[in-house]
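The values are calculated or read from the model by the stated rules, or taken from the named source; none is laboratory data. Since the model is a prediction, treat every value here as computed from it, not as a measurement. A quick note on method: Cβ atoms are made from the backbone with ideal geometry, for glycine too, and the neighbour counts reach across all protein chains shown.
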Amino acid sequence: MSKQLLTVLLFALFATFSVVKAEKNVDAVESSVINGGVVVYLGVSDPVAFAKLKLNDKILVQGLDSNTSKVKAARKYLNKRGLYGKITVAHFVVSPS
C-alpha cells in the first residue's frame, strides 16, 4: 500500500470517528501532511468552521447531517460564498437494521 493511500485512509478514519469540534479538525488538517483526499464530516451545525476544512483544491469535503434544517443552512452559507459544489452537504440518516 502506498504511503499516500495509507495517509488518506488514516485521515478518513480520523475525520469520520473524531468527536471534536470542527475548529480542532481544521487544526488537525492544517498541521498534518495531508495535501489531498476526502473529508467526510458528520454534523454541519457550524458551517463557518466546516467550510474551513477545504484547504485546497485537492481536498473534497462532504458534510452529512441528520437535521434537514442544518443541511439547508449550511448549503445557504456555502452558496452565498460561492463554495457549494467545491464543498457539499447532504441529509443523512442511519436507519436501524
Let me spell it out: the conditions are (1) at pLDDT below 75; (2) in contact with a helix residue (DSSP H, G or I) (Cβ under 9 Å, 6 or more places away or on another chain); (3) not aliphatic (A, V, I, L, M), and Tyr84 meets all of them except one. Which number is the exception?
(1)
Go through the range 63-97 and give me each residue that's hydrophobic (A, V, I, L, M, F, W, C) and surrounded by 10 or more Cβ atoms within 10 Å (Cβ to Cβ).
Leu64, Val71, Ala73, Ala74, Leu78, Leu83, Ile87, Val89, Ala90, Phe92
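So is Val20 at pLDDT below 80 and in a helix (DSSP H, G or I) or not?
Details: at pLDDT below 80: yes; in a helix (DSSP H, G or I): no.
Judged against the criteria, Val20 is not a match.
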Check whether at least one residue in the range 44-54 is β-branched (Val, Ile, Thr) and touching a helix residue (DSSP H, G or I) at 6+ places or on another chain (Cβ under 6 Å), and report yes or no.
yes
What about Arg81, is it of a type in the set (Lys, Arg), out of contact with any Asp or Glu (no Cβ under 7 Å at 6 or more places or on another chain) and within 18 Å of Val39 (Cα to Cα)?
no
